[in-house]
Amino acid sequence: MGIPGVALVVPAYRTRDVVGELIDSVLAQSRADWELVVVDDASPDQLHEVVTPYLTDPRIRLVRLPDNRGVSAARNEGAARTSAELVAFLDSDDLVEPGFVERVAAAMETPSVGIAGVIPAVTGPDGEPSTLPGTDARPPSSPDDTEAWLLHLLRHPFHFRGTTVRRTVWDKAGGFAEDLWLGEDLELWVRVVLTGCSVRVVEQPCYVHRLAGESITRQSDRTVERSLAHLAALDRIEAQLPATPEHAAALAAARRIPRSLEGAGRFRRAARAGDGPAARHHARTLARLDPGPRTRLLRAVSLVPSPVLRGVYRAGRRLRGLPPA
């Protein structure tokens, strides 16, 4: 069996300044048998103007959605517009190395392989080398051990990029859950692994995940919403899994981080409002979830009078280079 071609699907929203760099990296692939679909998810920054000049290459297409539907719906729409047997999903602010298409196609050459992911190289906002939690966790040694893979996915932060799915498996699994906007990658991986297909991991560097400092700052005031969305994805996963002690323990551990982040976000909102009782309540909740030095500091801060609490909050934002509110 020959190595099949690969469809590359790129949902894009507010990435006008960098989406062209991703397309250039696709054009530099060592294999030429790919198709690229960029899905403009009603981006308000005229992103389509950057993509349009690339459409002279017949392998590249642009889909413009009339309304913002979210990353999962944009990926599903893009996948539906492709015809290759393998569908790979790229983020519009990342890059792929010249060997990406060749390596993911080779990893999935065996028909029993249903899904593959790449352990990415990670760079910071200025292109400096960086890391993601969990990238050093070794994947299961057996690509066909469904239970080992489920536990691996639950126990480690999701760090694969360039997720590539065989179309027959994609159709069987049903694509991304469009009501999830965070943790949707993990939920899809769990759903695909539950089909019993074989899994592959590409460990050779061929995908560059770029951490965007500005986007992280923009999301800092949405910590509560992001945490709740992450927890919703874990709830969806739990509903699909057999009820075993191992699954329960792994899910409980996976929920600790978003629950801690939710508590921290709610504490910040209470401090911003000068609501001392609410701040103390959230500090106590955090102490149960994460009894560390940072939590002890938050509990101490929550005890100051409300006007002082608001001032401490604003001073903390200034120290981080953020606007006062």
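Go through segment 155-177 and count every residue that is within 26 Å of LEU211 (Cβ to Cβ) and either modelled with pLDDT under 95 or of a type in the set (D, E, K, R) (or both). Step through it out loud before you land on a result.
Here is the first cut: in segment 155-177, the ones within 26 Å of LEU211 (Cβ to Cβ) are 155-165, 176-177.
Adding the requirement that they be either modelled with pLDDT under 95 or of a type in the set (D, E, K, R) (or both) leaves 155-161.
Looking only at that region, the number is 7.
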Q. From ARG266, ARG272, which residue is of a type in the set (Lys, Arg), more than 17 Å from PHE158 (Cα to Cα) and surrounded by 19 or more Cβ atoms within 10 Å (Cβ to Cβ)?
A. ARG266
Q: Counting only residues that are buried (at least 21 other Cβ atoms within 10 Å of the Cβ) and in contact with a strand residue (DSSP E or B) (Cβ under 6 Å, 6 or more places away or on another chain), give me the strands (runs of 3 or more DSSP E) lying completely in segment 15-113 with at least 2 of them.
A: 34-40, 86-89
**Q.** Scope segment 149-173; condition over 11 Å from the mean Cα position of the chain (by Cα) and over 18 Å from LEU234 (Cα atoms); matching residues
**A.** THR164, VAL165, ARG166, ARG167, THR168, VAL169, TRP170, ASP171, LYS172
Q) So which helices (runs of 4 or more DSSP H) are wholly in segment 149-261 and hold at least 1 residues that are more than 22 Å from TYR13 (Cα to Cα)? A) 167-173, 184-193, 223-240
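Here is a check on your reading of the model: is ALA116 over 23 Å from ALA233 (Cα atoms), touching a residue at least 24 places away in the same chain (Cβ under 8 Å), surrounded by 18 or more Cβ atoms within 10 Å (Cβ to Cβ) and in the same structural domain as LEU188 (by TED's automatic domain parsing)?
When the stated conditions are applied, ALA116 does not pass them.
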Q. Got a sec? Which of LEU180, LEU194 is in the same structural domain as LEU36 (by TED's automatic domain parsing) and over 26 Å from LEU36 (Cβ atoms)?
A. LEU194
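The values are calculated or read from the model by the stated rules, or taken from the named source; none is laboratory data. The shown structure was predicted, so the numbers you read here are calculated from the model rather than taken from an experiment. Reconstructed Cβ throughout: ideal geometry from the backbone, glycine too, with neighbour counts over all protein chains shown.
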